[in-house]
Amino acid sequence: MVDFVKRYFAPAFVALFVTVLFVVLRTHPSYKLWKGYTVLSVPRDSDDVAVSNALLEAGCLDVISLSAQRGDAASALESILLQNALGFDSYEKGRSLYFFDRDGKARLYYVPDAHKNSVKTATELLERNYRISALLDSGSSFPWMVPIVVLAVFAAFLWLSENRIVFAAAAVFPVAFCFCNPLHAAGAAASIEIYAIFLAQKVWRRRGGTEFLLKNWCLWIFCAASLLASFATGFVGGILFLLNFVASASALFLLLNLEEEYERRFPFVPILIRDAKMVGRMNRRSVKGMSVCSCAAFLLLVLFLTGANFSSGKGGKDLYFPAPKVYNDKPSEFASLDDFFVRRWNALSLEYRPLAEISLANAFARPSEGDVVTQTRYEKRNGEIHASEQVVCIYDEAFRKKEVASVLNADYPALEKLWLAQGRKFSTEYASGGSGAEGGEIAVAVLLAAMFLPLFVAFYFILIWRKVRNVL
């Protein structure tokens, strides 16, 4: 009984348990562009009142829209300067860009996640009652393309494998992982691991097979690369992928015991004459496998860069919406939180500055950290008039915190609330709806690494080991 548990029940239980974990902790990409908000898009010429009424009827409150914005309390002097500048206000223009797509075809509304269950109802109301087609940046349909690519990689290596049952028993788990975690980085990780399993299956039950695999640096490079790539999907995804290795090992242990039990029925069982070392690390079939791996990563990269994942409506793939990206100090046409602080500083300090120092060139200049605005006050003491400087405001962290508090306490859905919800400093660029599903820069880096790693290894074997026996 103990032997049965150790040889059959335990490995089967581990493999089944990991599979259940995949299903329970599965991930469904939402393709959200902005943290804390869902972007709803309607044609630009749609009736704003009708859209607002549909959102309100569906229960979507505090929706950030262009019509809901208010001007800040700019000073009278600032207003005059703006009028003298031909009515141009770069901050207000930069704010308005957040409410339209890149080509000006669509108008955008930002719905708080507190009402994410109601926003789909709003799109249905717009379509049914107002004949307005609406798009959301959070897709609800399952992204089949990534698992299909991984399944194609599995099928290709299954066809190339010498021990197909062994390969299938181990490689089914990274495929299952990808179906339950259909992110592009997960697809790259699964493809690399499938190739590692393909490299290992050819020494199945050969003498010295275990020792050979432990010393096979090429195999370890691909295993480590796949594990690192999996953590690009998140910490939980990385841990699940690590358990996927455990499940594959358990399945192989179970298969080995089943084969041995089956062979006990026969008086004579043939054995493989060539040991693991004679098989070699690489052959033509292994190099072909690397090309399969690189092609899969390239296809995943293309899908990531061109994919559009809007949940309803048509033509969403042609729309590019404002989206937060990794911060850079390049000039941007979009207004930012820093611009808001500058705007508020000018609104509060401009009227206290000497008129002789104010011009259109410097009235809206960015303040430096620690800049101080003072006001001269006069008071009579002992029959004499004394002047003193009173600090009105200082451009520092306390000033910025006070302005943040004023935004959060505002009684209307200000656009600045969207910026603060991101919880970090960012730059704004136009992006398609699929760009927010997973960290864009990280995903691209992982996919590029997955594409070039097999090519570099293949290039190494071709150039360095061309004359070595069992290599090419």
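The values are calculated or read from the model by the stated rules, or taken from the named source; none is laboratory data. Computed from a predicted structure; not experimentally measured. All Cβ positions, glycine included, derive from the backbone under ideal geometry; neighbour counts span all protein chains shown. The protein model used for the area step is the full one, side chains on, heavy atoms only, and it has no ligands, DNA or RNA in it. Shrake-Rupley method; radii C 1.70, N 1.55, O 1.52, S 1.80 Å.
Among all residue pairs at least 6 apart or on different chains, which show Cβ distances below 7 Å where the first residue, located in segment 392-406, is assigned to a loop (DSSP other than H, G, I, E, B) and the second is crowded, with 17+ Cβ neighbours inside 10 Å and among the aromatic types (Phe, Trp, Tyr)?
Tyr395/Trp345
Rundown of residues vs (1) more than 30 Å from Gly423 (Cβ to Cβ); (2) open to solvent by 30 Å² or more (accessible area, probe 1.4 Å); (3) among the hydroxyl-bearing types (Ser, Thr, Tyr), yes/no style:
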{"site": "Phe13", "(1), (2), (3)": "yes, yes, no"}
{"site": "Thr19", "(1), (2), (3)": "yes, yes, yes"}
{"site": "Lys32", "(1), (2), (3)": "no, yes, no"}
{"site": "Val42", "(1), (2), (3)": "no, no, no"}
{"site": "Asp45", "(1), (2), (3)": "yes, yes, no"}
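From the residues in segment 446-472 that are assigned to a helix (DSSP H, G or I) and out of contact with any helix residue (DSSP H, G or I) (no Cβ under 8 Å at 6 or more places or on another chain), which one is modelled with the highest pLDDT?
Phe456
Considering each residue of segment 362-408, count those that are touching a Lys or Arg at 6+ places or on another chain (Cβ under 6 Å), open to solvent by less than 70 Å² (accessible area, probe 1.4 Å) and farther than 30 Å from Lys425 by Cα, and give that number.
1
Which condition number in (1) at pLDDT 90 or above; (2) over 31 Å from the mean Cα position of the chain (by Cα); (3) among the hydroxyl-bearing types (Ser, Thr, Tyr) is the one that Ser191 fails?
Here Ser191 meets the rest and fails (2).
Restricting to segment 185-209, count the residues that are touching a Pro at 6+ places or on another chain (Cβ under 9 Å) and open to solvent by 10 Å² or more (accessible area, probe 1.4 Å).
1
Are any residues in segment 104-120 out of contact with any strand residue (DSSP E or B) (no Cβ under 9 Å at 6 or more places or on another chain) and not in a helix (DSSP H, G or I), and if so, which ones?
The answer is Gly104, and nothing else.
With the condition kept exactly as written, say whether any residue in segment 121-144 is farther than 20 Å from Gly289 by Cβ, modelled with pLDDT under 90, within 26 Å of the chain's Cα centre (by Cα) and not in a loop (DSSP other than H, G, I, E, B).
Checked segment 121-144: at least one residue is farther than 20 Å from Gly289 by Cβ, modelled with pLDDT under 90, within 26 Å of the chain's Cα centre (by Cα) and not in a loop (DSSP other than H, G, I, E, B).
Does Thr233 count as in contact (Cβ under 8 Å) with a residue 60 or more places away in the chain, of a type in the set (S, T, N, Q), open to solvent by 10 Å² or more (accessible area, probe 1.4 Å) and on the phi < 0 side of the Ramachandran plot?
yes
Of all the residues that make up segment 109-136, how many are over 19 Å from Lys32 (Cα atoms) and surrounded by fewer than 16 Cβ atoms within 10 Å (Cβ to Cβ)?
The qualifying residues number 5.
If Lys215 satisfies all but one of (1) farther than 20 Å from Leu256 by Cβ; (2) crowded, with 18+ Cβ neighbours inside 10 Å; (3) more than 18 Å from the chain's Cα centre (by Cα), what's the number of the condition it fails?
Single failed check for Lys215: (2).
For segment 239-292, what are the residues that are over 25 Å from Val18 (Cα atoms), open to solvent by less than 50 Å² (accessible area, probe 1.4 Å) and modelled with pLDDT of 70 or more?
Ser286, Val287, Gly289, Met290, Val292
Just give me the residues in segment 73-108 being at pLDDT 55 or above and among the small types (Gly, Ala, Ser), in sequence order.
Passing the criteria: Ser90, Gly94, Ser96, Gly104, Ala106.
So, of the residues in segment 145-159 that are open to solvent by 20 Å² or more (accessible area, probe 1.4 Å) and in contact (Cβ under 8 Å) with a residue 12 or more places away in the chain, which turns out to be nearest to the chain's Cα centre (by Cα)?
The selected residue is Met145.
Considering only residues that are more than 29 Å from Glu416 (Cβ to Cβ) and assigned to a strand (DSSP E or B), which ones fall in segment 366-389?
Thr376, Arg377, Tyr378, Glu379, Lys380, Arg381, Glu384, Ile385, His386, Ala387, Ser388, Glu389
Restricting attention to segment 409-443, report how many residues are part of a helix (DSSP H, G or I), modelled with pLDDT under 85 and open to solvent by less than 40 Å² (accessible area, probe 1.4 Å).
6
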